[in-house]
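Here the structure is laid out as structure tokens; the discussion comes afterwards.
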Amino acid sequence: MNQTSERTFTALDEKLVTEAKARLTIVKSAIERVIFGQSQLIDDLLTALLAQGHVLLEGLPGLGKTELVKTLAKTLKLTVRRIQFTPDLLPGDITGNPILQNTPQGTKFVFQPGPIFTNLLLADEINRASPKTQSALLEAMQERTVTVVGETHLLPRPFFVLATQNPIELEGTYPLPEAQLDRFLFKLEVYSASREVLERIVTERQIGEESQVEPVISQDELSQYIALTRQIALPQPVANYIARIVEGTLPQQSKATHGVKFGASPRAALGLAAAGRARAVLQGRMNVSFDDVEAVAMNVLRHRIILDYSAKLKGRTTSQVIQELLTETDRLDRSIPRTLQEQKLEETIDRVEADRV
Amino acid sequence: MSSNSVETSHQQRLRSLWLQRARKLKRLTNIAWVIDLSLWPTLLSASIAAAILLALRKYFSVTLVFWLILLVVLATIVFICYLFARRRFISVQTALAELDNFYGFHCKLLAALEGKAAWPELPESDQEPYTLAFLRSYSPLLFSIVLVLAAARVPISPPPAIATSEAAKIELPVALAEVEAWTEKLAESGAISEDSLENLKQELDNFKSEAPESWYDHPSLEAADTLKENTSQQIDALLGSLEQLEQAVKQLERLDLSQSEKALLEKQLSESVESLKGNPLSLNEQLMSELDQFRKAPSNAQSKALQETLKNHLDKLQRDLARSGKGQASGSQEQKGEGSSPQHQRSPTTSPGSKPAGNCDGNPLAEGGMCTMGEEKQISKSSGAPTRGKADAPLELTEKPPQLTSNRLEAIPDQGVGKEPGETLGITARAPDEPAPSRSHELAAPFVENSEAAEAAWKSEFTPEEREALRRYFK
């Protein structure tokens with residue numbers, strides 16, 4: 001207990017968190033003025049941004065995935081490039097190629113940066129490219145560098161890959177390699193809008209019309225919030241909870257993982273912690289809670305669990321596995337003796353918090 | 001500076017209060033774990049203890065050692081459960097996490113503990129996330145206590161008598177008990193020499209020194225009967241000699257005795273003294289010396305004193321021995337005037353026809369209706385076997401001790417008990433049935449008698465059962 005008190009909390013940190021929450025709420029509101037009915041999706045995107053994680057958006061064409069990413073880039077005042085992945089796309093088309101040029105020093109190969117050199121890379125329909133081309137993103141996503149002809153080039157900071165993909169059942173799609181899937185922090189599923197949302201879209205938007213979005217926060221501010229996110233406290237019981245969840249995804253580790261062929265990797269645990277921290281900032285808290293972990297677990301683990309054929313044949317999905325796993329795993333690594341009786345809180349905590357404020 | 005210090009002290013206070021709450025919750029949870037793990041072992045051990053307690057109460061006795069052992073066993077069980085429960089004990093951090101969950105602080109307490117967040121304000125109520133479930137926690141414990149108490153208090157038959165050495169004491173055979181009683185009376189009379197009494201006691205002690213289980217063996221009973229027989233004869237001889245002496249001294253006092261009568265009396269006196277000297281139960285030395293002195297030089301003064309002494313001793317011995325079951329004193333008194341030999345008459349062993357006067361009244365061993373010595377003698381004589389005491393000796397240690405002191409016979413209402421099937425139970429006192437008169441002449445002749453008188457005469461020969469059967473048949 002004494003050693004945990006070494007790094008003391010400061011009032012400045014709390015103020016920063018409160019400010020970050022307020023600013024990011026504005027960002028969210030700005031995006032929501034363009035993207036209707038996707039509040040949760042926007043929250044998840046912002047969470048991934050703060051956690052410096054890449055996002056894979058999966059959904060049918062026309063659901064607003066590309067529009068969402070473009071709007072986000074505008075509000076954050078980030079440089080954005082778009083790559084439309086096609087089956088004939090080559091890795092050099094993404095990373096860039098050395099081109100023979102006449103320079104004052106003579107004729108030599110000069111590296112011509114590809115579209116990947118940006119803050120926000122929109123990899124549209126990523127699963128339409130061949131696995132070889134898809135793999136060109138591996139180094140960029142993990143190390144945030146690009147190596148071409150033996151030369152390593154640093155990517156700009158912040159660097160995010162927001163990829164969209166169509167469901168693999170569609171024709172002309174390739175499944176993403178597991179190694180690349182693992183590098184995406186979130187896999188978000190985009191669903192069709194409800195009738196009310198559709199009505200609003202029809203009423204307020206015109207086809208082919210570019211949405212006008214003003215930048216809300218600067219790039220420096222975003223970097224500051226990202227740095228703040230890294231300082232968010234992760235209590236040991238929460239870390240233990242994350243570890244137990246990730247361990248629980250491994251085959252034969254729990255009842256929930258019936259039909260699981262491969263479970264989540266340690267990178268998933270890191271992703272859970274990072275995403276939990278980001279969500280805590282968005283909630284205006286200085287620490288990660290169990291709720292944060294539970295909230296991001298689905299997005300973090302969804303694409304990291306590989307089911308076997310029998311489970312697929314039975315129609316079991318990774319979302320079901322994760323849901324069962326979260327239900328099965330206790331927040332605290334302890335059991336309550338039968339001689340204890342659980343109590344319900346009579347006093348609402350809101351009042352306590354209000355008193356404190 | 002002041003606002004910062006105030007804030008810091010406030011945070012310190014909140015920290016100590018929250019930690020206090022966390023420790024309280026930790027204590028409660030850990031105690032609950034110990035109770036939880038102790039429930040079944042305690043219940044099981046209490047059941048076993050209750051069973052052992054009942055068995056102890058039934059067959060042995062419950063001592064303080066049992067309770068101490070029970071206490072130690074229970075303490076050991078609780079300690080072992082504590083060791084197992086320690087693995088599940090929660091820490092202060094976990095308790096804070098519980099409080100976090102309970103109050104919905106989103107792990108703020110945990111972060112504050114790590115110094116990464118401010119301690120939240122304490123809620124007004126000091127409600128705990130958990131309370132001890134009293135029914136589940138204490139009911140097995142109470143049940144265990146009730147079980148042990150019930151086993152300790154429930155009415156139960158006491159341990160069998162054989163369990164204690166006192167209860168297992170075996171009584172002396174009747175013959176020896178009687179000899180012992182006679183010895184005591186002889187010692188009280190003061191007429192018998194110390195050596196004689198010592199010899200008699202020595203013989204009794206020799207017998208008693210044997211294992212009590214062997215007292216009722218056949219050789220032992222034979223020996224006891226022989227001792228009793230001999231002692232009885234010696235006492236009879238002693239009493240006879242004393243009586244003869246007393247009579248002789250009394251006769252010698254008379255003045256009208258002729259020389260021949262006087263010589264006869266002196267001879268009788270000498271014979272009696274010699275007889276006394278030859279008896280293992282000898283008179284005490286003082287009396288013997290007085291007798292010797294009187295025999296050598298009889299005088300009237302000596303005669304009076306001696307006569308008085310002899311009479312006193314004789315009366316006392318007869319009275320005491322009669323009380324102690326030596327059936328002779330009163331008998332001798334009754335038969336005094338019949339002119340027969342006193343010794344011959346007074347010996348119950350030699351005069352089976354005489355009615356012994358001894359009874360069981362004065363014998364402490366004969367309480368409860370023990371038969372008189374004379375009767376017992378008759379029984380032993382008639383059966384030709386040594387007496388085996390008041391009842392059969394206990395051959396095994398049973399729960400219910402045999403009624404050794406009872407000679408009552410219970411009435412057996414069912415006469416058929418012990419009879420073989422078909423064996424005659426008895427014959428009634430009425431005269432045997434007269435054989436039915438021959439009715440051959442009636443049978444030979446045609447049956448014409450069908451009058452009511454004839455029918456009545458015919459029916460009169462039937463038993464009531466036959467009559468009832470006929471009545472039913474012809475109804």
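Here, each number is a calculation from the coordinates, and none is a lab measurement. Keep in mind the model is a prediction, meaning the values are calculated, not measured. Neighbour counts are summed over all protein chains in view; Cβ atoms, including those assigned to glycine, are modelled from backbone coordinates with ideal geometry.
Please tell me the relative contact order of chain A in percent, rounded to the nearest whole number, where contacts are Cα pairs under 8 Å and at least six residues apart. Walk me through the numbers before you get to the answer.
Values: 565 pairs, mean separation 71.6, N = 357.
For chain A, the relative contact order is 20 percent.
If one computes P(r) from the Cα atoms of chain A, what percent of pairs lie at distances over 34 Å?
Of the Cα pairs, 33 percent sit more than 34 Å apart.
Taking the Cβ-Cβ separation of B:SER209 and B:LEU135 as r and a Förster radius of 51 Å, what is the calculated FRET efficiency to the nearest 0.05?
Working: r = 67 Å, r/R0 = 1.31.
Calculated transfer efficiency: 0.15.
Roughly how many nanometres apart are two label points built 7 Å out from the Cα toward the Cβ at B:ALA301 and B:ILE170?
Calculated label separation equals 6.0 nm.
222 nm [θ] for chain A, helices only, -39500 (n - 2.57) per DSSP H run of 4+, per residue, to 500?
-13000 deg cm²/dmol
How far is helix A:290-301 tilted off the main Cα axis of chain A, in degrees rounded to 10, range 0 to 90?
Between the helix axis and the principal axis of chain A, the angle is about 40 degrees.
Relative contact order, percent, of the stretch B:126-252 when contacts are C-alpha pairs under 8 Å separated by at least 6 residues?
26
Too long at a 27 Å Cα-Cα cut-off: which of B:LYS262/B:LYS311; A:LYS74/B:LYS108; A:LYS255/B:LYS24; B:LYS267/B:LYS311?
A:LYS74/B:LYS108; A:LYS255/B:LYS24
Non-local amide H neighbours of A:LEU188 (under 5 Å, H modeled in plane, Pro and chain starts lacking H): which ones?
Here the answer is A:LEU56, A:LEU57, A:GLU58, since their amide H atoms fall under 5 Å of that of A:LEU188.
Using the 10 angstrom Cβ neighbour count as an exposure proxy, how do B:GLU98, B:GLU452, A:GLU14 rank, fewest first? Show your work: numbers first, answer last.
Details: B:GLU98 24, B:GLU452 7, A:GLU14 15.
Neighbour counts put them in this order, fewest first: B:GLU452, A:GLU14, B:GLU98.
Mean-square fluctuation check for chain A, GNM, Cα pairs under 10 Å: which of A:LEU50, A:LEU228, A:LEU122 is largest?
Of A:LEU50, A:LEU228, A:LEU122, the Gaussian network model singles out A:LEU228 as fluctuating most.
Quick one: which residues, 5+ away or cross-chain, put their amide H under 5 Å from the amide H of A:PHE109? H built at 1.01 Å from N.
Residues meeting the criterion, in which the H sits 1.01 Å from N, are A:GLN101.
How many nm is it between the label spots at B:HIS218 and A:THR152, if each spot is 7 Å from the Cα in line with the beta carbon?
11.7
Using 11 Å as the cut-off for backbone N distance, which residues of the stretch B:10-46 belong to the label zone defined by a point 7 Å from the Cα of B:VAL92 along Cα→Cβ?
B:15-24
Round to a whole angstrom and tell me the spacing of the C-alpha centers of the stretch B:272-294 and the stretch B:121-139.
Using only Cα atoms to place each centre, the spacing works out to 102 Å.
Report the far tail of the P(r) of the stretch B:14-54, meaning the percent of Cα-Cα pairs longer than 14 Å.
Summing the P(r) tail past 14 Å for the stretch B:14-54 gives 63 percent.
Helix A:39-50 sits at what angle to the longest principal axis of chain A, using alpha carbons and giving 0 to 90 degrees rounded to 10?
The angle comes out near 80 degrees.
For the pair A:LYS255 and A:GLU14, what calculated FRET efficiency results from E = 1/(1 + (r/R0)^6), where r is the Cβ-Cβ distance and R0 = 56 Å, to the nearest 0.05?
Once rounded, the FRET efficiency stands at 0.85.
Simple spin-label model, 7 Å along Cα-to-Cβ: A:PHE109 to A:LEU313 in nm?
5.0
Using Cβ contacts closer than 10 Å as the measure, can you line up A:GLU67, B:GLU274 from fewest to most?
Fewest to most other Cβ atoms nearby, the residues stand as B:GLU274, A:GLU67.
Kindly put B:TRP67, B:TRP33 in sequence by how many other C-beta atoms sit within 10 Å of each C-beta, fewest to most.
Ranking B:TRP67, B:TRP33 by Cβ neighbours within 10 Å, fewest first, gives B:TRP67, B:TRP33.
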